[in-house]
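Peer 1: I'd like to ask some things about the structure below.
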């Protein structure tokens, strides 16, 4: 599992399992016939009937023409829901087969990988087993799996390693399998055959830098390790910080990071990341997004949880897929998945707009709550400049997305991720609005997720500037089609 606060999860699971659901409906998640108007349109989200809490994305892999993703949900205990896709945009649900009755333990966090002979395998934490586990696919659709085998590293003298069995990852490097055990001070083991494991001790190099902004023993759960550019990347979470990553190198069979950065800035808005490699070499990631965590601070958890998630909110929401790359300058690039463009319809564009200092400019043709926006500002010099979405027809209320020269940050509603424009650089924002969920990408160097409760009538868009005029080269919009069409998922 990508570790959770036991008390909170117990309360939530108790609340959502009160209703007795016929056993026959538990075999495959299905979309309800009548969707609430406030449900998301183009984000992958768990449809029910059981609840996806937690809903960590896990064990993603491309195999024989399809992308496969699993996520945790409640079906006879902590189970893996299984979806697949040809384009990472439209998904279909498979039968739920990785369940405690099948495996003998709950399904907690892990990853997928190809064995040396090209067969899909998964490594994950077997909840209740006290061990990380490996299982092998028995069919091309990944609907049948072998009996799991525990990962039990031994020291050089043949004794069981003293380690935490938690949130594992597995990858091939120099013809050996390497297995990471997550948590604080994560550990590493290696094997030639996925059966006998040699314990290598702590994952992090003794020369772990002190200036990264996090201590060496920071929680490293939801671990996912891979090569990107000329570096290695450790994608993970801290339960106190959310999604984050290290960049660095392997030295002496240890990971020596030289860079650390956050991918989340509030609560669990962006949590439990997972990634895969596409056939054309792109690294694509997802994260679990949790609006209900924010809401639970305001309500009686057990009493009102079902009302929240069955009405305005959904559990089990996955972020839009993000493409990660690391060019020669060493700065991580984060872009929305290029295949999302196929959802665009009803294009609109306004060009050459001047927003005067300390004024707002309400767009006349562009509005909506299920759309993508692309905004290009001409090397702005104003102290603050940006856009409000989901605002009233008079420009009131709304959700603010802005850049600040002085603070070197973005404003994305209630969060302020770091971001700095280079001298003379245009600002390009790609903004995805899916009802109450908003994702923002800035110059491919920063991305953020946030939530906004809004009146369905408030769907307008307004530009603003403070401390100087801003020239808007262009703003484009597209209405986004639903991903929940049967034909598109096949």
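Peer 1: Just one of 47, 54, 36 is surrounded by 22 or more Cβ atoms within 10 Å (Cβ to Cβ) and either at pLDDT 50 or above or over 20 Å from residue 97 (Cβ atoms) (or both); which is it? Lay out the reasoning, then the answer.
Peer 2: Values: 47 fails: surrounded by 22 or more Cβ atoms within 10 Å (Cβ to Cβ); 36 fails: surrounded by 22 or more Cβ atoms within 10 Å (Cβ to Cβ).
Selected residue: 54, the only one of 47, 54, 36 that is surrounded by 22 or more Cβ atoms within 10 Å (Cβ to Cβ) and either at pLDDT 50 or above or over 20 Å from residue 97 (Cβ atoms) (or both).
Peer 1: I would also like to ask the following. Determine which member of the set 368, 395 is buried (at least 17 other Cβ atoms within 10 Å of the Cβ) and modelled with pLDDT under 95.
Peer 2: From the options 368, 395, the qualifying one is 395.
Peer 1: Still on this structure: How do the strands (runs of 3 or more DSSP E) wholly within segment 421-468 filter down when requiring 2 or more residues that are more than 24 Å from the chain's Cα centre (by Cα): which remain?
Peer 2: Because the criterion is at least 2 residues that are more than 24 Å from the chain's Cα centre (by Cα), the strands (runs of 3 or more DSSP E) in segment 421-468 that meet it are 460-466.
Peer 1: If you take the residues of segment 422-435 that are on the phi < 0 side of the Ramachandran plot and surrounded by fewer than 19 Cβ atoms within 10 Å (Cβ to Cβ), which of them is modelled with the highest pLDDT?
Peer 2: 428
Peer 1: Residue check: is residue 101 assigned to a helix (DSSP H, G or I), exposed (fewer than 14 other Cβ atoms within 10 Å of the Cβ), out of contact with any helix residue (DSSP H, G or I) (no Cβ under 7 Å at 6 or more places or on another chain) and modelled with pLDDT of 95 or more? Lay out the reasoning, then the answer.
Peer 2: Working: assigned to a helix (DSSP H, G or I): yes; exposed (fewer than 14 other Cβ atoms within 10 Å of the Cβ): yes; out of contact with any helix residue (DSSP H, G or I) (no Cβ under 7 Å at 6 or more places or on another chain): yes; modelled with pLDDT of 95 or more: yes.
The answer is yes for residue 101.
Peer 1: List every residue pair whose Cβ atoms lie under 9 Å apart, where the two residues are 6 or more positions apart in sequence or sit on different chains, the first residue falls within segment 336-350 and is touching a residue at least 12 places away in the same chain (Cβ under 8 Å), and the second residue, located anywhere, is surrounded by fewer than 12 Cβ atoms within 10 Å (Cβ to Cβ) and in a strand (DSSP E or B).
Peer 2: From residues that are touching a residue at least 12 places away in the same chain (Cβ under 8 Å), the pairs are 348/365; 349/365; 350/364; 350/365.
Peer 1: Answer yes if at least one residue in segment 342-353 is closer than 17 Å to residue 89 by Cα, modelled with pLDDT under 95 and not in a strand (DSSP E or B), and no otherwise.
Peer 2: no
Peer 1: Could you please find all residues in segment 65-90 being part of a loop (DSSP other than H, G, I, E, B) and surrounded by 21 or more Cβ atoms within 10 Å (Cβ to Cβ)?
Peer 2: Answer for segment 65-90, where residues must be part of a loop (DSSP other than H, G, I, E, B) and surrounded by 21 or more Cβ atoms within 10 Å (Cβ to Cβ): 75, 88, 89, 90.
Peer 1: Condition check: part of a strand (DSSP E or B), in the same structural domain as residue 58 (by TED's automatic domain parsing) and more than 16 Å from residue 250 (Cα to Cα). Does residue 170 satisfy that?
Peer 2: no
Let's see how each residue does on (1) closer than 20 Å to residue 256 by Cβ; (2) touching a strand residue (DSSP E or B) at 6+ places or on another chain (Cβ under 8 Å):
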{"position": "157", "(1), (2)": "no, no"}
{"position": "171", "(1), (2)": "yes, yes"}
{"position": "174", "(1), (2)": "yes, no"}
{"position": "177", "(1), (2)": "no, yes"}
{"position": "183", "(1), (2)": "yes, yes"}
{"position": "186", "(1), (2)": "yes, yes"}
{"position": "189", "(1), (2)": "yes, yes"}
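Peer 1: State the number of residues belonging to segment 220-260 that are under 22 Å from residue 445 (Cα atoms), in contact (Cβ under 8 Å) with a residue 24 or more places away in the chain and surrounded by fewer than 16 Cβ atoms within 10 Å (Cβ to Cβ).
Peer 2: Total meeting the criteria: 2.
Peer 1: Check segment 310-324 and report whether any residue there is assigned to a helix (DSSP H, G or I), modelled with pLDDT under 80 and within 27 Å of residue 71 (Cβ to Cβ).
Peer 2: yes
Peer 1: Can you find, within segment 230-262, the residue that is farthest from residue 186 (Cα to Cα) among those that are in contact with a strand residue (DSSP E or B) (Cβ under 7 Å, 6 or more places away or on another chain) and not in a strand (DSSP E or B)?
Peer 2: 241
Peer 1: Here is a further query. In segment 127-146, which residue that is assigned to a loop (DSSP other than H, G, I, E, B) and in contact (Cβ under 8 Å) with a residue 40 or more places away in the chain is nearest to the chain's Cα centre (by Cα)? Reasoning before the result, please.
Peer 2: So in segment 127-146, the residues assigned to a loop (DSSP other than H, G, I, E, B) come out as 128-130, 138-144, 146.
Next, only the ones that are in contact (Cβ under 8 Å) with a residue 40 or more places away in the chain stay: 140-144.
On the way: 140: 26, 141: 24, 142: 22, 143: 24, 144: 26 Å.
Once the filter is applied, the top-ranked residue is 142.
Peer 1: Follow-up. Just to be sure I understand the filter: pairs with C-beta atoms under 6 Å, separated by 6 or more residues or on different chains, first member in segment 200-219 and on the phi < 0 side of the Ramachandran plot and in contact (Cβ under 8 Å) with a residue 60 or more places away in the chain, second member surrounded by 16 or more Cβ atoms within 10 Å (Cβ to Cβ) and assigned to a strand (DSSP E or B). Which pairs pass?
Peer 2: These pairs meet every condition: 219/238.
Peer 1: Closer than 20 Å to residue 269 by Cα and either assigned by TED's automatic domain parsing to the domain that holds residue 267 or at pLDDT below 95 (or both): does that describe residue 382?
Peer 2: no
Peer 1: Say we look at segment 447-458 and pick out the residues that are within 17 Å of residue 289 (Cα to Cα) and out of contact with any helix residue (DSSP H, G or I) (no Cβ under 7 Å at 6 or more places or on another chain); which of these is surrounded by the fewest Cβ atoms within 10 Å (Cβ to Cβ)?
Peer 2: Only one residue fits best here, namely 453.
The values are calculated or read from the model by the stated rules, or taken from the named source; none is laboratory data. These numbers were taken from a predicted model, which means no experiment stands behind them. Here Cβ is always computed from backbone atoms with ideal geometry, including for glycine, and neighbour counts include all displayed protein chains.
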